[in-house]
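Below is one structure, written out as structure tokens; comments come after it.
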Amino acid sequence: MNRNTHFDKTIKRTLIGFILLFIFLDFFPIFKNPDFRYTGSNPENFVWNIGAPYTLFIFDQKVSPYIFLSPLSYFIVFFQALFIVFLKPILKLYFYQIIPLLMNNLFYRKLASELTEIELTESGFSINKPFGRNSKSFNWNEITNIQFSENKKGVIILNYDKEIILKDNNIGWYEFIQNVPQKFTEFDFSYAGDFMNSLKPCGVCGIVAVNEDKCIVCETIAWNSQMTENKVEYLKSKQSEFYSETVKDGFKIKKTAEPEHGFKADENWILYI
Ligand SMILES: [Zn+2]
């Protein structure tokens, strides 16, 4: 079920819930002295006070016309109707605007960053953000400067006066840093080249993406001789972990690794599962 259908169902259930609650409260009967005065009312007599916590009307079988409305009943029913009418747009705003905004900016900042995709285009690049945000395209001509952040985990781009930061966990970041045009002289091309050349092949996913001890693509720790499992056993178990979703979805795993997002593939890679 997609998220929007789920939200629509929740909104519908909440509305029905409130309508039922109001009906229940409006007709809740208590047998006691009358809560308000009416022509012929007697504070000593017990009558049916209908409605809680505020009595909307009284049923008095001894006094004609038997049903007596509280002066405030119109106001209360009107308020309930108003509440139901406005609840739907408020809930819609909450689920469709506020929650996605919070997801983007607060709770899922890391996830949002990991799902952001940088794509190279014919004359520039585009940034596609998740959670229904629009994608933005830039031409290299609109960019005044590109340089690495201090810790080299991001790239700071100047679009005239506006700063755009691309992080190394954005999809396509490593492809981007290899395709920055030569005219951006502040950009550290030799660092980008050295970094890509320093990567080692990953035995699990077959991509040349192991930096220090961890693969950037599949996030597996590379095997080393200090591990108790032998290399093939280790790769086999990590491969079944990494490909479990693919297998569950009924897709076949390719026997040869293919280059992706600016990374080379290892021609000698072996699939053990
Ligand atoms: Zn890997």
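Since every read-out is calculated from the coordinates, none of them should be taken as a lab result. Because the structure is a prediction, the values reported are computed rather than measured. When we count neighbours, we look across all protein chains shown, and the Cβ atoms used for this are built from the backbone with ideal geometry, even at glycine.
For region 81-225, a crude dipole built from +1 on the beta carbon of Lys and Arg and -1 on the beta carbon of Asp and Glu, taken about the Cα centre, is about 740 debye to the nearest 20. Checked against a 24 Å cut-off, the cross-linked pairs Lys214/Lys255; Lys136/Lys183; Lys214/Lys264; Lys167/Lys231 give Cα-Cα distances beyond that limit for Lys167/Lys231.
Projecting the Cα atoms of Tyr96, Asn159, Ile19 onto the charge dipole of the chain, computed from C-beta unit charges around the Cα centre, puts Ile19 farthest toward the positive end.
Each residue of region 191-200 is assigned a 3J(HN,Hα), and the resulting list reads 4, 4, x, 4, 4, 4, 6, 7, 6, 10 Hz, derived from the Karplus form 6.51 cos²θ - 1.76 cosθ + 1.60 (θ = phi - 60°), x at Gly and Pro.
Seen against the Cα atoms of the chain and their longest principal axis, helix 73-93 is set at about 10 degrees. 3J(HN,Hα) along region 36-42, derived from phi through the Karplus expression 6.51 cos²θ - 1.76 cosθ + 1.60 where θ = phi - 60°, amounts to 9, 7, 8, 4, x, 6, 10 Hz, with x in place of Gly and Pro.
Among Met227, Met196, sorting on how many other beta-carbon atoms sit within 10 Å of each Cβ, with the fewest leading, yields Met227, Met196. Our note on the geometry: Cα centres of region 110-179 and region 188-267, 24 Å apart.
With a Förster radius of 45 Å applied to the beta-carbon distance between Asn145 and Ile221, the computed FRET efficiency rounds to 0.80.
Looking at region 109-173, the DSSP beta bridges with both ends there are about 95 percent antiparallel. Residue separation of Asn230 and Asp188 scaled by 0.36 nm, minus their Cα-Cα distance, works out to 11.2 nm of gained length. Here the Karplus curve 6.51 cos²θ - 1.76 cosθ + 1.60, taken at θ = phi - 60°, turns the phi angles of region 239-253 into couplings of 5, 5, 5, 5, 9, 4, 5, 4, 5, 4, 7, x, 8, 7, 8 Hz, with x standing for Gly and Pro. Since only Ser198, Trp48, Pro65 are under comparison, the one whose Cα sits farthest along the positive direction of the charge dipole of the chain, derived from C-beta charges on Lys, Arg, Asp and Glu, is Pro65.
Contact order normalised by length for region 3-107, with contacts defined as Cα pairs under 8 Å and 6 or more residues apart; what percent is it?
Values: 101 pairs, mean separation 21.1, N = 105.
Worked out over region 3-107, it gives 20 percent.
Taking other C-beta atoms within 10 angstrom as a stand-in for reagent exposure, Lys183, Lys129, Lys214 fall in the order Lys183, Lys214, Lys129, fewest first.
Panel order for Ser190, Ser137, Ser41, by other beta carbons found within 10 Å of each beta carbon, from fewest to most: Ser190, Ser137, Ser41.
Model label points for Leu87 and Tyr272, set 7 angstrom from Cα along the Cα-to-Cβ axis, are 5.7 nm apart.
Taking label positions 7 Å along the Cα-Cβ direction at both Phe27 and Thr246, the computed distance is 6.0 nm, reported to one decimal.
Backbone amide hydrogens, once placed in the peptide plane, bring Phe57 within less than 5 Å of Ile50, Ser70, excluding anything fewer than 5 places away on its chain.
Compute the length gained on full extension between Lys152 and Gln97: take 0.36 nm times their separation in residues and subtract their Cα-Cα distance, giving the result in nm to one decimal. Walk me through the numbers on the way to the answer.
On the way: separation 55, 0.36 × 55 = 19.80 nm, distance 3.40 nm.
Value of the extension gain: 16.4 nm.
Out of the DSSP beta bridges found with both residues in the chain, what percent are antiparallel (nearest 5)?
Here the share of antiparallel DSSP bridges comes out near 95 percent.
Helical content alone sets the calculated 222 nm signal of the chain at -10000 deg cm²/dmol, taking -39,500 (n - 2.57) per DSSP H segment of four or more residues and averaging over every residue.
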